[in-house]
């Protein structure tokens, strides 16, 4: 164990030795297990002295004291030198302004505080006049004769091996006792690191969250930096696309400067590839390529942070069943002959009386839209029944298999006028035209509510929230055979049998699972996707396919 630890200090990039140490540390943690079988085994095969050494090495792994000391020394070194302090303030201001620009924030919008920590550590690596690592604040600290050897060694470790990445890992459940390192994978380079994170950085972290920022070895132990930027799975896929696009721009510029021809065609723009899933299927980049994209990731941090902040603040696009943007519209139409309009609506196939009142007294009508598909009708019926059982409303009337139609809006008689309520501009124009042909006047008292603007303070809809076991099961029964645009128009059942679309399906399910974890941490009832995975044959993730890289070129 001691030899392995010393080797990790000398060769922190050696993934094989890191993996071996991780296994040893897992066994060390089991020394204090309550399992009597393990206790007897260690009593027979491990001396007290050996056990103490192993526990000391485990404690050293999780001790961030040396990293915190390095951070304090670097910040003090910069603050004590006016030139560096001024350059740092300029850099932090530029970093913040870039985030504001990319996120399209207003003058008085706050920039998340964790971004300032990212920017501070990024400044450690900013080169000065001679464009060398020795000219960076971290390099100056390491070579300064007044720096103690321990801090100088930590500075050189960080300077020589820091990796900026988009890190995905099997984050611990908040209910679990956790104190060891974690294997994490950079979605850009697909290279792995066994790293230790500050407990507060993992607190409440939802499944499939991706953390953007630096990891660096200090005394052979890879550790997270001061701040990390949390990304949702789909945000992370978009972030990887941004990094790879920027890396290609930089690479092609370097090649042109050397008078060479760029290799192959440029990356084609399009939807973000499912990098979170592909990182599990593709081989890692070669070390030199991984080092290059790490540097690009670091330089892209303001852009990534701004894009994530813009996404977090952006209200979702909301559409009705016809695909129209939702806009809640209420309007009053004056009428001359209420009885005549009522008779016309009673015989019109697109309107249904909303009560059992006598024909001459009907006060409300439901305006019917397009026919539901069989799948939509079944889902609508099953979910309504599940909600009725859940809320104790009693049994619903059976539709006897009759065709069902969506509801476009409501028409209500109020004296010498009718009030119309619908949920899109297109539907409002349609109902206005119909009512005018039936004798109604021009609409009055027109009121509109745009959910994207007027209801934005209510927050984004929570993906992954459960509607109850019966309603969830009804949704899964329907969704598995519903054509989904994100699956290139295939149904989930069809996508599970297709080598490319099964990767898209896995990414979509991870999006649902992330939302379910967020819902659970918010105290909501979370959707359990396990039955859906089992039905689609994805319990253990997507199946291995030949040459997965060719699927998304």
Among the residues of segment 325-342, are any assigned to a helix (DSSP H, G or I) and exposed (fewer than 15 other Cβ atoms within 10 Å of the Cβ)? yes
Reported set for segment 59-98 where residues are more than 35 Å from the chain's Cα centre (by Cα) and assigned to a loop (DSSP other than H, G, I, E, B) is 80, 81
Which ranges mark the helices (runs of 4 or more DSSP H) fully within segment 457-553 that have 1 or more residues being touching a residue at least 60 places away in the same chain (Cβ under 8 Å) and closer than 24 Å to residue 206 by Cβ? 469-479, 501-521
How do the pairs read when you match residues in segment 5-29 that are more than 16 Å from residue 182 (Cα to Cα) with residues anywhere that are in a helix (DSSP H, G or I) and at pLDDT below 75, using Cβ under 6 Å and keeping only pairs 6 or more apart or on different chains? 5/57
Is it the case, given these coordinates, that residue 453 is part of a helix (DSSP H, G or I), more than 22 Å from residue 515 (Cβ to Cβ) and either modelled with pLDDT under 90 or touching a strand residue (DSSP E or B) at 6+ places or on another chain (Cβ under 7 Å) (or both)? yes
Return yes or no: is residue 251 farther than 23 Å from residue 306 by Cα and at pLDDT below 90? yes
Out of everything in segment 206-222 that is modelled with pLDDT under 90 and surrounded by fewer than 23 Cβ atoms within 10 Å (Cβ to Cβ), what residue ends up being nearest to residue 171 (Cα to Cα)? 220
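The values are calculated or read from the model by the stated rules, or taken from the named source; none is laboratory data. All values derive from a computational prediction rather than experimental measurement. As a convention, Cβ positions derive from the backbone with ideal geometry for all residues, glycine included, and neighbour counts pool all protein chains shown.
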